[in-house]
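Worksheet: the structure to be examined is printed underneath.
The values are calculated or read from the model by the stated rules, or taken from the named source; none is laboratory data. Note that the structure is predicted; figures quoted are calculated from it, not measured. Heads up, the Cβs are rebuilt from the backbone with ideal geometry, glycines too, and the neighbour counts pull from every protein chain shown. Surface accessibility is based on the protein's heavy atoms, side chains included, excluding ligands, DNA and RNA. Shrake-Rupley method; radii C 1.70, N 1.55, O 1.52, S 1.80 Å.
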Amino acid sequence: MQLPRDPSNVTHVLAAAFPSRLASDVRSVLAVMPDARHAPTEPFEVEVEGETLAIPSRIHNEEPGADLERSLTGTQQVILHCLYSRHGDGRVRQRHLEQIVASGEPWVAPFVVQLAGEYVLEILDVIGRGLAGLAVPGSAQRRLYGEFIARNPAFFARTERRVVSYWSCYYRWKYAVFGTYPGCALMEAFRAAASEHVGEQWPRHTPPSPAGVDVRHA
């Protein structure tokens, strides 16, 4: 797909990935991003703090130079890293994920969870390390991700199924049992966060954990 002739259309598409209160910041970020030959693709919708966001599955812009990135405010840099976590190159996604995975901003959560449902093992490792707080009952990370998943049950169920599908297609030779696959541990941790948030067991859309342990209070 070619970019629309009116650049403001692209601005609107990418601005829709963030809360409306950040529209000015998004425009500042887009001003430093090189133009792309292809439009952002296949947005997925999530709810964050009562607002529906539409996040592109992929963007195709080259990365801006370091000087341009440093010209942005802290919030604007987080927005930039979120957008490039949707890049078509997995190495680019990983680099930018590393800058946002530990963020406490609710609007960062869908970018992280979406990556947890993708196929790059190194990205799963980054998420596991960056979200160590998911293993801690009552932690800020558990509250943040528990609320996000509770607001987006269909999105999370789809993410779980994608994790199983990628394991089966690409990694079953290495991890014969799903419970040993890094994506399994992430899904268990996210479900624990959601279970704690709603006060009951969150539905499962993956094979059981290795020992069949209830991880709500892990």
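Within the stretch 45-76, the set of residues being among the hydrophobic types (A, V, I, L, M, F, W, C) and open to solvent by 20 Å² or more (accessible area, probe 1.4 Å) comprises 54, 66, 68.
Residue pairs whose Cβ atoms lie under 8 Å apart, separated by 6 or more positions or on different chains, with the first residue in the stretch 114-140 and farther than 12 Å from residue 181 by Cα and the second open to solvent by 40 Å² or more (accessible area, probe 1.4 Å) and of a type in the set (Lys, Arg), are 117/158; 117/162; 118/162.
In the stretch 1-102, which helices (runs of 4 or more DSSP H) lie fully inside it and hold 3 or more residues that are modelled with pLDDT of 90 or more? Steps first, answer last, please.
Working: elements: 7-15, 23-32, 66-70, 74-84, 90-100.
By residue number, 23-32, 66-70, 74-84, 90-100.
Within the stretch 104-138, which residues are open to solvent by 20 Å² or more (accessible area, probe 1.4 Å) and in contact with a Gly (Cβ under 9 Å, 6 or more places away or on another chain)? Passing the criteria: 119, 120, 121, 122. Between 192, 150, the distinction of being part of a helix (DSSP H, G or I) and under 26 Å from residue 18 (Cβ atoms) belongs to 150 only.
Put simply, of 113, 126 the only residue that is part of a helix (DSSP H, G or I), over 18 Å from residue 44 (Cα atoms) and either among the hydrophobic types (A, V, I, L, M, F, W, C) or touching a helix residue (DSSP H, G or I) at 6+ places or on another chain (Cβ under 9 Å) (or both) is 126. Take residue 14 and decide whether it is touching a residue at least 60 places away in the same chain (Cβ under 8 Å), open to solvent by less than 20 Å² (accessible area, probe 1.4 Å) and out of contact with any Ser or Thr (no Cβ under 8 Å at 6 or more places or on another chain). Yes; evaluated as a whole, the condition is true for this residue.
When the stretch 77-89 is limited to residues that are open to solvent by 20 Å² or more (accessible area, probe 1.4 Å) and not hydrophobic (A, V, I, L, M, F, W, C), the one that is farthest from residue 30 (Cα to Cα) turns out to be 89. Only residues that are part of a helix (DSSP H, G or I) and crowded, with 22+ Cβ neighbours inside 10 Å were counted across the stretch 161-187, and they come to 6.
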